[in-house]
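The values are calculated or read from the model by the stated rules, or taken from the named source; none is laboratory data. Just so it is clear, the model here is predicted, and its values are computed rather than measured. Positions of Cβ are backbone-derived with ideal geometry, glycine not excepted, and every protein chain shown enters the neighbour counts. Side chains are part of the model used for accessible areas, which takes the heavy atoms of the whole protein and leaves out ligands, DNA and RNA. Shrake-Rupley method; radii C 1.70, N 1.55, O 1.52, S 1.80 Å.
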Amino acid sequence: PTVYNLKIPTWQNGFTLVEMLVALALLATLALISWRGLDAMGTARIVNQDHQNQVLAFNAGLSQWTADLNSIIQTPFVNALEFDGKLLRLTRLENNQKENMKVVVIAWTKANLDGKNYWIRWQSKAVSSQGDLKEQYKLAKIWSDSVSSENIQDATPVVAIDSWSLMYFRGNSWSNALSSADQEDTESDLLE
């Protein structure tokens, strides 16, 4: 009989130490890249949520501003709309209800709360007498002169702002609300 002398190669079963270190280095690099990617996605989500909240607050503020302006009512006792450069006071019907004719005084101003400027809205209680209306009108001024983080309980911070100004459309052009030019028809003036 013929005897075959076969040589069986002696391959190692497994990986060398260098191969293992290269594989571990690649896995560590992939883990680091994916961790940074997940961290960036989480940060982007937080930034987007914050931006979305600011836009929603701004839209709510503009909606309230529009509702206040659309409900202005002139009374013979106080000005329906008055701006002194810091405080805007206006009188409006409560809940747009003409049946019971209760009036509220609305005040809009800028205030610094915890180091950040906000556009603030204050609303008086609903009144139906001349004396109460004049008292609420004065309270709006007192409130605006002393508004702070400690006494914000009756007001609503609407949106963060740097500054604000009020413009009237009079004589076919926009002019500063504090200017005295062309004031013959202030009831039909529009706000910016």
**Report entry** Segment N172-L26, extension gain: residue separation times 0.36 nm, minus the distance between their alpha carbons
**Finding:** 45.5 nm
Query raised in the report: How much solvent-accessible surface does F77 expose, in Å² to the nearest 10, with a 1.4 Å probe and all protein chains in place?
Result: 90
Report task. Determine the principal axes of the Cα atoms in segment 68-158, then give the extent along each, sorted from largest to smallest and rounded to whole angstroms. Result -> 43, 21, 20
Report task. Can you work out the accessible area per residue across segment 29-120, with the rest of the protein chains kept in place, probe 1.4 Å, in square angstrom? Result -> 63
**Report entry** segment 30-137 - percent of accessible surface contributed by carbon and sulfur, probe 1.4 Å
**Finding:** 53
Query raised in the report: Once label points are set 7 Å from the Cα along Cα→Cβ at both L139 and R45, what is their separation, rounded to one decimal in nm?
Result: 4.5
Report summary line: Ranked output for segments 117-124, 155-162, 44-51, 133-140 by mean other Cβ atoms within 10 Å, highest leading, reads 117-124, 133-140, 155-162, 44-51
Query raised in the report: Relative to the present Cα-Cα distance, how much length would full extension add between L69 and D84 at 0.36 nm per residue of separation?
Result: 3.7 nm
